[in-house]
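After the structure tokens below, expect a handful of questions from me.
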Amino acid sequence: MTATPREPASLLISGEQLKGRIKELGAEIAADYEDGDGLLMVGLLKGSTYFLADLFRSTELDVVVDFMAISSYSGDEHSGVVRIVKDLEEDVSGRDVLIVEDIVDTGLTLNYLRRNLSARGPRSLKTVTLLDRAARRIIPVELEYSGFEIPDVFVIGYGLDFQGLYRNVGEIFAVRDLPRLVNDPGLLRPSLFGKRSRRG
Ligand code: IMP
């Protein structure tokens, strides 16, 4: 994992690293489920959609995709009290289900989701997360597949946002100055998008 110094955000995981690791995860998942009856991937909106799009194209299996959206009750972020904002359209009963997460932080969201989906009687239930920030875990959760373990730093890009921004950055950046970003959410725009601008 590289960290190129760059203020107020620095590159943590490059596009090449993401591509390589996701390909490996896809191959591992395909091998594990090859004798099954197809796989239902459950993506968590919105952050996991970018990872899911690359992962499921790397997984040579019959894959059906569905989405859920979950939110913490406002002001209660770390209580573990979450609610389903959008539920699945697919029936999970008797099926091999793989939850696709962008990042597991405290583990509260995933813990809730695993309990909720287990109660619906899947044949199997596993999780793949692109990023694991284990240092901040409040509740232990099972992670059968994990892309990268990251240090205790806020990250954006490749689906991960700050106030809805920066999901479309193709690589993952560590935010080095979170208080400045809180004051000025557009702060990273020149450094993250400027380099791709032809106008200079
Ligand atoms: P947890 O319930 O604390 O594990 O939080 C998981 C969710 O919080 C993730 O699915 C993300 O949506 C969000 N999240 C946690 N850390 C970050 C981050 O560093 N950047 C962007 N979103 C994050």
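The values are calculated or read from the model by the stated rules, or taken from the named source; none is laboratory data. Source: prediction; values computed, not measured. Here Cβ is always computed from backbone atoms with ideal geometry, including for glycine, and neighbour counts include all displayed protein chains. In case anyone asks, the SASA skips ligands and DNA or RNA and just uses the protein heavy atoms, side chains included. Shrake-Rupley method; radii C 1.70, N 1.55, O 1.52, S 1.80 Å.
Assigning unit charges at the beta carbon (Lys, Arg +1; Asp, Glu -1) and nothing else, what dipole magnitude in debye, to the nearest 20, does the range 41-200 show about its Cα centre?
600 debye
May I ask for the Kirkwood hydrodynamic radius of the chain, worked out over all distinct Cα pairs and given in angstroms to one decimal?
When all Cα pairs of the chain are included, the Kirkwood radius is 17.7 Å.
Scan the chain and note any complete DSSP helix (H) whose C-alpha atoms cover at least 24 Å along its axis and whose Kyte-Doolittle average is -1.0 or more.
15-33
Here's another thing I want to ask about it. Quick one: compute the contact order of the chain, relative version, from alpha carbon pairs under 8 angstrom and 6+ residues apart, as a percent.
The normalised contact order for the chain reaches 21 percent.
Read phi for every residue in the range 141-157 and hand back ³J(HN,Hα) as whole Hz from Karplus 6.51 cos²θ - 1.76 cosθ + 1.60, θ = phi - 60°, with x for Gly and Pro.
With coefficients 6.51, -1.76 and 1.60, one gets 9, 7, 10, 6, 9, 9, x, 9, 8, 10, x, 7, 9, 5, 10, 9, x Hz.
Of PHE67, PHE173, which has the most accessible area with a 1.4 Å probe, and how do the rest follow in descending order?
PHE67, PHE173
Continuing with this model, one more query. What accessible area per residue comes out for the chain, rounded to a whole number of Å², with a 1.4 Å probe?
For the chain, the solvent-accessible area averages 51 Å² per residue.
Whenever you get a sec, line up ASP184, ASP161, ASP37, ASP96 from highest to lowest accessible area (probe 1.4 Å, protein heavy atoms).
So, going from the largest accessible area down, we get ASP37, ASP184, ASP161, ASP96.
Can you work out the PRE-style zone for ASP152? Point 7 Å along Cα to Cβ, and I want the residues of the range 96-122 with backbone N under 19 Å.
103-109
Once the principal axes of the Cα atoms of the range 118-188 are found, what is the range along each, listed largest first in whole angstroms?
Per principal axis, max minus min of the Cα coordinates gives 46, 24, 21 Å.
Another question about this same structure. Considering only protein heavy atoms, what is the solvent-accessible area of GLU171 at a probe of 1.4 Å, reported in Å² to the nearest 10?
Here the accessible area works out near 40 Å².
How much of the accessible area of the chain, in percent, comes from carbon and sulfur atoms when a 1.4 Å probe is used?
47 percent
Please name whichever of ALA30, ILE103, GLY157 sits farthest to the positive end of the charge dipole of the chain, dipole taken about the Cα centre and charges placed at Cβ: Lys and Arg +1, Asp and Glu -1.
Positive-most Cα among the choices belongs to GLY157.
Amide H to amide H under 5 Å from PHE154: which residues, 5+ apart in sequence or cross-chain, H placed 1.01 Å off N in plane?
When sequence neighbours closer than 5 places are left aside, the close amide H contacts are VAL175.
Another one. Under 5 Å between amide H atoms, partner at least 5 residues away or on a different chain: which partners does LEU12 have, H built in plane at 1.01 Å?
For LEU12, the qualifying residues are ILE172, PHE173, ALA174.
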